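The values are calculated or read from the model by the stated rules, or taken from the named source; none is laboratory data. Just so it is clear, the structure is predicted and the values come from calculations on it, not from any experiment. Every residue, glycine as well, gets a Cβ built from its backbone with ideal geometry; the counts of neighbours run over all protein chains shown.
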Amino acid sequence: MIIYSVTCSIEPSIEEEWLLWMQEEHIPEVIQTNLFLKHTFCEVLTEASGNDNRTFNIQYELENMGLLHLYNTKFAPTLKQKTIAKYGDKCVAFRTILRKV
């Protein structure tokens, strides 16, 4: 089982709008690719030093790396671009790939 983990640091000025957008638009678009088995959306409770941003993490589960490759080549570029166009540098994300053991 593969977990595609996306961690986002969000500026306070967009937090409420971003949370709603994630829940109502972005995450549903990712799930509609039919590549992921499930997802978990969490707030990161450890504090990031030096800023007032809040941090959130979305974990998407897939059966294998081939499906993640398909997502990253076919769907991710468009979805990432939508996020950048909407929020610019007020939303900074990094991605991690994990394997359940």
Take the conditions exposed (fewer than 15 other Cβ atoms within 10 Å of the Cβ) and in contact (Cβ under 8 Å) with a residue 24 or more places away in the chain and apply them to Phe56. Does it pass? no
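Residues in the stretch 45-53: is at least one within 14 Å of the chain's Cα centre (by Cα), surrounded by 12 or more Cβ atoms within 10 Å (Cβ to Cβ) and not aromatic (Phe, Trp, Tyr)?
No - not one qualifying residue is present in the stretch 45-53.
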Restricting the stretch 59-83 to residues that are among the aliphatic types (A, V, I, L, M) and either in contact (Cβ under 8 Å) with a residue 24 or more places away in the chain or surrounded by fewer than 12 Cβ atoms within 10 Å (Cβ to Cβ) (or both), the one nearest to Ser9 (Cα to Cα) turns out to be Leu79
If we keep only residues of the stretch 20-35 that are touching a helix residue (DSSP H, G or I) at 6+ places or on another chain (Cβ under 7 Å) and among the β-branched types (Val, Ile, Thr), then the residue surrounded by the fewest Cβ atoms within 10 Å (Cβ to Cβ) is Thr33
Lys38 passes all but one of the listed conditions (1) surrounded by 15 or more Cβ atoms within 10 Å (Cβ to Cβ); (2) of a type in the set (D, E, K, R); (3) in contact with a strand residue (DSSP E or B) (Cβ under 9 Å, 6 or more places away or on another chain); (4) at pLDDT 95 or above; the exception is number (1)
Expected single match for of a type outside the set (Gly, Ala, Ser) and within 12 Å of Val6 (Cα to Cα) among Thr55, Thr46 is Thr55
